[in-house]
Amino acid sequence: MNSFLGRAIAVPVLALVGGPARGTDPLVEEVSREVRRSVAQIEGDLRPPLKTHTTSTATASNNKSQSSSLEFRTYLTGENVLFLEGSGTKQPESARSGASVVSVVKEKGEHVVTGMGSQASTVSGRNSRYTFRLTQAKKGDGWLLANIGKVGAPEVEQVDNYLNLYRDQALQFVDQVQSLDGMMKLSTFFESDRFKLISATRPNPTGPVTIHFTRPYHGAPDLTIECRYTFDPASRWLPVEWVESVTSPDGTRSQRVNRKIVSSEHKFETETTIVDTSNRPEPRTTTYKSRYTVETDNDLDQARFTLPAYGLPEPPGFAPAKTPWFVWLLVTAATCLCLAVGFRLLGRRLAKYS
């Protein structure tokens with residue numbers, strides 16, 4: 001996973017910070033309580049089946065400007081998980097044509113997929129029968145099957161673990177915010193003993209609350225991060241703006257974040273802009289812009305989690321088991337027998353009352 005993805009959707013590395021802790025300030029206590037309540041309520045409303053969509057761009061400015069972009073989607077319902085990543089990632093509905101030819105041979109009882117892959121776009125999926133991974137060389141190309149195996153089989157363990165990670169993180173942006181040193185968990189935002197409150201202010205009784213505090217830098221306890229977070233009751237008490245900065249012998253770094261939140265009973269959406277400024281090893285400003293949406297989808301098609309949704313046939317040994325012909329014969333015979341008994345009983349009842 002590239003460095004930008006690591007920054008934009010990083011696996012949580014920090015679940016500490018913040019806090020009032022322990023009754024030191026009424027405003028901080030109120031914010032802490034309301035944040036936990038909101039997070040629990042939003043996560044309670046958003047239950048599988050779910051779909052998420054994230055788009056991110058990063059633009060770096062120093063001696064040479066650079067930019068990159070990323071898009072990924074997640075679909076999940078129970079153990080069924082689908083993760084689509086990369087620029088030009090297609091929806092299953094639009095990927096039914098132009099599929100790449102895939103060779104599947106059987107060696108020592110195991111199915112081996114031959115072919116070349118690419119990191120340009122990938123699809124990882126799991127249903128009740130098998131786990132698979134697809135690659136796409138460039139936008140518009142068909143999908144190439146890179147890996148497939150029965151759920152839990154050693155050959156797809158890495159893909160299964162990858163899917164479990166994104167299944168567990170489908171709601172990550174509801175309870176997490178990006179900080180200078182990783183992702184912070186909002187529900188435990190004010191529980192660190194090393195948090196030091198500077199001030200908590202609220203211009204009017206119903207307006208946003210701004211909390212100014214310091215905390216240790218993760219992985220470098222001798223460094224201190226100065227933080228100023230604004231929590232807005234109009235955005236369900238979630239933080240909508242924050243600034244962090246840290247100074248070390250090597251230089252300084254700061255991060256300014258603005259976030260817009262739109263939330264309803266079955267949908268949560270954020271638009272975030274992060275401006276990261278550093279003078280080490282040279283002056284550099286990186287701007288990250290991302291849009292994240294998670295919502296329930298009760299009409300999620302189970303066929304979306306299979307290879308045919310991408311124009312690829314299910315290889316031998318992985319297709320759904322067909323019902324044997326003799327089973328249908330037995331079902332038909334049983335149905336006829338039930339009808340015969342029913343009509344006989346009905347005939348007797350009619351004769352009794354005639």
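Quick notes on this structure:
- Taking amide H as placed 1.01 Å from N in the peptide plane, the amide H of Ser192 sits under 5 Å from that of Val17, Gly18, Gly19, each at least 5 places away or on another chain.
- Residue order for Asp232, Asp222, Asp175 - accessible surface, 1.4 angstrom probe, largest first: Asp222, Asp232, Asp175
- Ratio of Rg to Rh over segment 190-285 (Cα coordinates, Kirkwood Rh, two decimals): 1.03
- His266 sits with roughly 80 Å² accessible to a 1.4 Å probe, with DNA, RNA and ligands left out of the calculation.
- In Å², nearest 10: area of Ile198 left accessible to a 1.4 Å probe: 90 Å²
- Remark on Ala146: its backbone amide H falls under 5 Å from those of Arg133, Leu134, Thr135, a criterion applied only to residues 5 or more positions apart or on other chains, H modelled at 1.01 Å from N.
- Estimated inter-spin distance, Lys267 and Ser68, nm [label 7 Å along Cα→Cβ]: 3.1 nm
- Accessible area of segment 219-261 belonging to carbon and sulfur atoms, whole % at 1.4 Å probe: 45 percent
- 3J(HN,Hα) from dihedral phi, segment 302-316, Karplus parametrisation 6.51/-1.76/1.60, rounded to Hz, x for glycine, proline: 5, 5, 4, 8, 10, 5, x, 5, 10, x, 10, x, 6, x, x
- Computed with a 1.4 Å probe on the full set of protein chains, the accessible area for Thr122 sits at about 10 Å².
- Separation of segment 121-196 and segment 236-301, taken as the distance between their Cα centroids, equals 19 angstrom.
- Qualifying aspartates and glutamates (Cα of each under 18 Å from Cα of Lys196; at least 8 residues distant if same chain): Asp25, Glu29, Glu30, Asp181, Asp222, Glu226, Glu244
- Solvent exposure of segment 258-310 amounts to 52 Å² per residue of accessible area, where only protein heavy atoms count and the probe is 1.4 Å.
The values are calculated or read from the model by the stated rules, or taken from the named source; none is laboratory data. None of these values were measured; they are calculated from a predicted model. All Cβ positions, even for glycine, are placed from backbone atoms using ideal geometry, and neighbour counts span all protein chains on display. Surface areas here come from the heavy atoms of the whole protein model, side chains and all, with no ligands, DNA or RNA. Shrake-Rupley method; radii C 1.70, N 1.55, O 1.52, S 1.80 Å.
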